[in-house]
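Sharing a structure below in C-alpha cells format, with a few things to ask.
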Amino acid sequence: MDTSGDPTFRTLLARTRAVDLDAFTHQEVPFDQVVDLVNPARHPARHPLYQTALVVHAPPGDGHRADLVTITPEPPPNTGTARFDLMFDWDESRDGAGHAQGLTGRTEYSSDLFTQDTVELLLQRYLLLLSAAVRDPDATLHTLDILTDSERRASSPRP
C-alpha cells in the first residue's frame with residue numbers, strides 16, 4: 001500500500017479499498033499467469049508472490065460496523081507446517097442486527113523464522129494500532145501508537 005505523505009488512517013483505508021476493488025476486476029486472471037508476468041525470484045520453500053497474509057472472513061451483511069472491535073486470539077492448530085511465513089486468519093462475528101461484534105482468529109507462522117513470543121508481540125502491536133485507528137481514524141499514520149505499556153515504560157527517560 002502507498003503510505004507516502006503520512007496519510008490518515010481513513011485515507012489509507014480509502015486507498016486500500018480502491019486498490020482492492022481494482023484487483024477484483026482482474027480476479028479471473030489465472031494465478032500462474034500473474035506469477036509469470038511478475039516473474040519473482042523463485043524459492044521452493046516460499047510462496048512466489050507473498051509470505052504474509054491477513055485474511056478476514058466476514059459474514060454477509062449490510063455493512064454495519066461497531067465502534068470498537070474485540071479480537072480474541074485462538075491457539076493455532078498444530079499442523080506442523082505453515083502455509084506462509086506469517087498468517088493472521090480471522091472470522092468476523094455479528095449480532096442479530098448485523099453489527100460487528102468482534103474477530104476470532106488464528107495465527108499461523110513459520111517457527112524457523114518466528115518465536116511464539118515474537119508473533120504474540122506482533123499481534124499485540126497490531127491490536128494497539130487498530131484500537132488507536134478506531135479511536136481516531138483521522139490521525140496520521142505516524143501518530144498511531146503501537147508500543148505496549150512495558151515498551152513505553154522501558155523507553156521513557158528516567159529521572
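The values are calculated or read from the model by the stated rules, or taken from the named source; none is laboratory data. Quick caveat, the model's predicted, so the values are computed rather than measured. Don't worry about glycine lacking a Cβ; one is built from the backbone with ideal geometry, like all the others, and counts go over all protein chains shown.
Determine whether residue 84 is modelled with pLDDT under 85 and either at positive phi or within 14 Å of the chain's Cα centre (by Cα) (or both). It would help to see each step written out before you state the result.
On the way: modelled with pLDDT under 85: yes; either at positive phi or within 14 Å of the chain's Cα centre (by Cα) (or both): yes.
Considered against the rule, which asks whether it is modelled with pLDDT under 85 and either at positive phi or within 14 Å of the chain's Cα centre (by Cα) (or both), residue 84 comes out as yes.
Working only within the range 30-48, note down all residues that are surrounded by 11 or more Cβ atoms within 10 Å (Cβ to Cβ) and of a type in the set (A, V, I, L, M).
Those that are surrounded by 11 or more Cβ atoms within 10 Å (Cβ to Cβ) and of a type in the set (A, V, I, L, M): 34, 35.
Could you say whether any residue in the range 36-57 is assigned to a helix (DSSP H, G or I), more than 25 Å from residue 91 (Cα to Cα) and not β-branched (Val, Ile, Thr)?
Quick first cut of the range 36-57, residues assigned to a helix (DSSP H, G or I) only: 36-38.
Still in the list and also more than 25 Å from residue 91 (Cα to Cα): 36-38.
Now restrict to residues that are not β-branched (Val, Ile, Thr): 36-37.
For the range 36-57, residues assigned to a helix (DSSP H, G or I), more than 25 Å from residue 91 (Cα to Cα) and not β-branched (Val, Ile, Thr): present.
Any residue in the range 97-110 that is more than 24 Å from residue 8 (Cα to Cα), in contact with a Lys or Arg (Cβ under 8 Å, 6 or more places away or on another chain) and at pLDDT below 85? Lay out the reasoning, then the answer.
Of the range 97-110, the ones more than 24 Å from residue 8 (Cα to Cα) are 97-99, 101, 104-110.
Imposing the further condition that a residue be in contact with a Lys or Arg (Cβ under 8 Å, 6 or more places away or on another chain) reduces the set to 99, 101, 108.
Narrowing further to those that are at pLDDT below 85: 99, 101.
Yes, that holds for at least one residue.
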